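**Student:** Next up is a structure, given as structure tokens.
The values are calculated or read from the model by the stated rules, or taken from the named source; none is laboratory data. Please read all numbers here as calculations on a predicted model, not as lab measurements. Positions of Cβ are generated from backbone atoms using ideal geometry, with glycine treated the same way; all protein chains shown enter the neighbour counts. Accessible surface areas use protein heavy atoms only, side chains included; no ligands, DNA or RNA. Shrake-Rupley method; radii C 1.70, N 1.55, O 1.52, S 1.80 Å.
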Amino acid sequence: MKYGLVLEGGAMRGLFTAGVIDVLMEHDIIFDGAVGVSAGACFGCNYKSGQNGRTIRYNLRFCKDKRYCSLYSLITTGDMYGAEFCYHTLPDELDIFDIEAFKENPMTFYVVCTDVETGRPVYKKLNTAEYNDLEWIRASASIPLASRIVEVDGRKLLDGGISDSIPLSFMERHGLERNIVILTQPRDYIKKSSKSLSLVKTVYKKYPKLVKTYSERPKMYNEQLEYVRKSESEGKALVIAPPVTLPIGHVEHKQEKLLEVYRIGRKTAIENIDRILEFMGE
């Protein structure tokens with residue numbers, strides 16, 4: 001039996017995920033594979049490197065730093081979340097990412113991106129967490145309108161959540177029979193059409209397939225939620241989700257808000273730890 005971990009995105013809602021996975025690490029829960037989308041990729045890579053607490057630590061430290069996330073960064077670089085600072089300066093110099101531990105951990109780790117030319121999801125297995133891999137993580141978290149298109153390995157990429165928000169079926173296709181799925185919206189959430197669709201149509205008119213995928217995202221997302229529920233009812237998945245809508249937006253500069261969401265994640269994981277251990281056969 002192989003066990004997987006599926007990490008939804010959601011920008012700063014991902015701190016809920018960070019709280020959950022820190023508790024999982026504290027209980028020495030081992031997965032055969034994991035897949036992260038957007039914030040799930042950015043924060044979930046710390047599971048493979050075994051760096052409990054790193055996500056909340058650097059978010060608290062840099063949440064007010066204009067190089068990390070700001071309108072200034074968007075205007076001057078084209079990215080709300082500064083590309084060079086967030087994905088290279090920070091992990092290489094300021095809160096060092098443990099590349100060797102990442103390499104040595106046998107757990108496979110995938111990120112999901114969206115190819116802007118095809119509108120299709122792209123799944124990338126990360127092996128080293130060095131510069132090129134970090135560019136794939138950046139691409140996975142590059143939100144339309146708030147980020148530049150990321151060009152890596154001959155592809156033009158944006159946020160993986162556009163095309164595959166909850167990649168449970170991807171994990172199942174790759175032989176992970178039992179999966180823990182961490183959502184960043186409550187279980188009863190229903191995605192509606194985006195208010196930014198008309199602007200996306202204008203900005204990305206050169207990429208009609210991307211626009212089509214973006215416009216169909218609510219239908220895709222809601223169908224994926226139904227699939228997750230079905231898998232859970234069959235005993236193949238276990239869902240960890242916020243009990244209520246998280247009190248945070250895509251951008252947050254207040255440390256107390258970041259801590260609140262992180263603590264909700266920890267509390268939810270602790271309340272479900274017996275279910276998790278049973279599901280994992282422990």
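**Student:** If I go through region 75-110 residue by residue, how many of them are among the acidic types (Asp, Glu) and more than 18 Å from residue 152 (Cβ to Cβ)? Working first, answer last.
**Tutor:** Of all residues in region 75-110, those among the acidic types (Asp, Glu) come to 79, 84, 92-93, 95, 98, 100, 104.
Then drop every residue that is not more than 18 Å from residue 152 (Cβ to Cβ), which leaves 93, 95, 98, 100, 104.
Final tally of qualifying residues: 5.
**Student:** Out of 114, 184, 213, I need the residue that is polar (S, T, N, Q) and in contact with a Phe, Trp or Tyr (Cβ under 7 Å, 6 or more places away or on another chain). Which one?
**Tutor:** Answer to the check: 184.
**Student:** Right, here's the next one. Go through region 108-129 and give me each residue that's assigned to a loop (DSSP other than H, G, I, E, B) and either open to solvent by less than 60 Å² (accessible area, probe 1.4 Å) or touching a His at 6+ places or on another chain (Cβ under 7 Å) (or both).
**Tutor:** 116, 119, 126, 128, 129
**Student:** Still on this structure, please answer the following. Just checking, which of 193, 198 is of a type in the set (Ser, Thr, Tyr), out of contact with any Asp or Glu (no Cβ under 8 Å at 6 or more places or on another chain) and touching a residue at least 12 places away in the same chain (Cβ under 8 Å)?
**Tutor:** 193
**Student:** If residue 140 meets every condition in (1) among the polar types (S, T, N, Q); (2) open to solvent by 20 Å² or more (accessible area, probe 1.4 Å); (3) under 14 Å from the mean Cα position of the chain (by Cα) apart from one, which number is that one?
**Tutor:** Here residue 140 clears every test but (2).
**Student:** For region 18-38, what are the residues that are over 14 Å from residue 167 (Cβ atoms) and in contact (Cβ under 8 Å) with a residue 40 or more places away in the chain?
**Tutor:** 18, 19, 20, 21, 22, 23, 24, 27, 29, 30, 31, 32
**Student:** Which number in (1) without any contact (Cβ under 8 Å) to a residue 12 or more places away in the chain; (2) in contact with an Asp or Glu (Cβ under 7 Å, 6 or more places away or on another chain) marks the one condition that residue 126 misses?
**Tutor:** (1)
**Student:** List pairs: first residue in region 63-83 and closer than 19 Å to residue 10 by Cβ and modelled with pLDDT of 95 or more, second residue buried (at least 19 other Cβ atoms within 10 Å of the Cβ) and acidic (Asp, Glu) anywhere in the structure, Cβ distance under 9 angstrom, at least six positions apart or on different chains.
**Tutor:** Here the result reads 63/252; 69/252, each pair linking region 63-83 to a residue that is buried (at least 19 other Cβ atoms within 10 Å of the Cβ) and acidic (Asp, Glu).
**Student:** With region 1-102 as the region, which helices (runs of 4 or more DSSP H) entirely inside it contain at least 2 residues that are open to solvent by 20 Å² or more (accessible area, probe 1.4 Å) and over 19 Å from residue 276 (Cβ atoms)?
**Tutor:** Working: elements: 14-26, 39-49, 54-62, 71-77.
Of the helices (runs of 4 or more DSSP H) lying wholly inside region 1-102, those with at least 2 residues that are open to solvent by 20 Å² or more (accessible area, probe 1.4 Å) and over 19 Å from residue 276 (Cβ atoms) span 54-62, 71-77.
**Student:** A further question follows. Taking residue 172 as the residue in question, decide whether it is over 23 Å from residue 19 (Cα atoms), free of Cβ contacts under 8 Å to residues at least 12 places away in the same chain and either in contact with a Pro (Cβ under 9 Å, 6 or more places away or on another chain) or of a type in the set (Asp, Glu) (or both).
**Tutor:** No.
**Student:** In this structure, does residue 134 turn out to be outside any strand (DSSP E or B), open to solvent by 40 Å² or more (accessible area, probe 1.4 Å) and out of contact with any strand residue (DSSP E or B) (no Cβ under 6 Å at 6 or more places or on another chain)?
**Tutor:** Spelling it out, it is not the case that residue 134 is outside any strand (DSSP E or B), open to solvent by 40 Å² or more (accessible area, probe 1.4 Å) and out of contact with any strand residue (DSSP E or B) (no Cβ under 6 Å at 6 or more places or on another chain).
**Student:** Of a type outside the set (Gly, Ala, Ser) and within 20 Å of residue 177 (Cα to Cα): which single residue out of 238, 210 fits that description?
**Tutor:** Values: 210 fails: within 20 Å of residue 177 (Cα to Cα).
Matching residue, one of 238, 210: 238.
**Student:** Looking at this structure, is residue 165 over 15 Å from residue 11 (Cβ atoms), in contact with a helix residue (DSSP H, G or I) (Cβ under 7 Å, 6 or more places away or on another chain) and in contact (Cβ under 8 Å) with a residue 40 or more places away in the chain?
**Tutor:** It is false that residue 165 is over 15 Å from residue 11 (Cβ atoms), in contact with a helix residue (DSSP H, G or I) (Cβ under 7 Å, 6 or more places away or on another chain) and in contact (Cβ under 8 Å) with a residue 40 or more places away in the chain.
**Student:** Can I ask one more? Can you go through 246, 199, 258, 277 and tell me which one is within 30 Å of residue 60 (Cβ to Cβ) and more than 22 Å from the chain's Cα centre (by Cα)?
**Tutor:** Values: 246 fails: more than 22 Å from the chain's Cα centre (by Cα); 199 fails: within 30 Å of residue 60 (Cβ to Cβ); 258 fails: more than 22 Å from the chain's Cα centre (by Cα).
Just a single option satisfies the conditions, and that option is 277.
**Student:** Search region 255-282 for residues that are under 21 Å from residue 177 (Cβ atoms) and pair each with any residue that is assigned to a helix (DSSP H, G or I) when their beta-carbon atoms are under 8 Å apart and the residues are at least 6 apart or on different chains.
**Tutor:** 276/24; 276/269
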